[in-house]
Amino acid sequence: MYAAGDYIVYGMSGVCLVCDVCKSPFSSDDPKTYYVLHPMKEKQGLTIYSPVDNASVTMRRLMDREQTESFLQDIPKLEILEVPLEKNRREIYRAALSSTDPVLSMRLLKTVFSRRATFAELKRRLPETDLEFEEMAMESLYREISIVLDIPFSDVSSYISKHLNDG
């Protein structure tokens, strides 16, 4: 169970701050306990109420510093996501993000980066699906890295690039 003040990754909502753990805010007859979550996205104001025992949304603690550094070192070894049929791309991307697995999020990003290069060579625009999921994956993964390593969110991309170039 998470406590108030913990940061977690909550499904496709990304990194959230657990603000409270309380009885149901919806009904006094509801026996469930809820997390009160505030997503850490740039666009603030949203509050999520999620049952503590919610099995439909994957939740996990943020990586610690050691796990994050190890994860960053392993980025070059990660393969792009396989998408056998183009019509399944959205499903595959959604599954990767909703798993909250940082490896799958980075594989998604590497897939989009690769596709961006291919589409640029063909002088074609990258499809909206790629752009949409790239933004969500970067928001979640980079926000986590920002919090864990205590660096500004806006510096995470260059931090990763420098880390990869030095390694």
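Key figures for this structure:
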item	result
Integer Hz, Karplus 6.51/-1.76/1.60 couplings in order for region 9-20, x for Gly and Pro	9, 10, x, 7, 6, x, 6, 10, 9, 7, 8, 6
Calculated Rg and Dmax of region 7-60 using C-alpha coordinates, Å	11.1, 35
Kirkwood-Stokes translational diffusion coefficient of region 75-167, alpha-carbon pairs, 10 °C, 1.306 mPa s, µm²/s	114 µm²/s
Net charge, ILE80 excluded, C-beta distance under 10 Å - Lys, Arg +1, Asp, Glu -1	+1
Hull shadow area, averaged, the chain [alpha-carbon convex hull, nm²]	11.4 nm²
Whichever lysines have a C-alpha closer than 19 Å to that of LYS23, once near sequence neighbours (fewer than 8 apart) are set aside	LYS32
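We did not get these values from a lab; they are worked out from the coordinates using the rules stated. Just so it is clear, the model here is predicted, and its values are computed rather than measured. Virtual Cβ from ideal backbone geometry, glycine too; neighbours counted across all protein chains shown.
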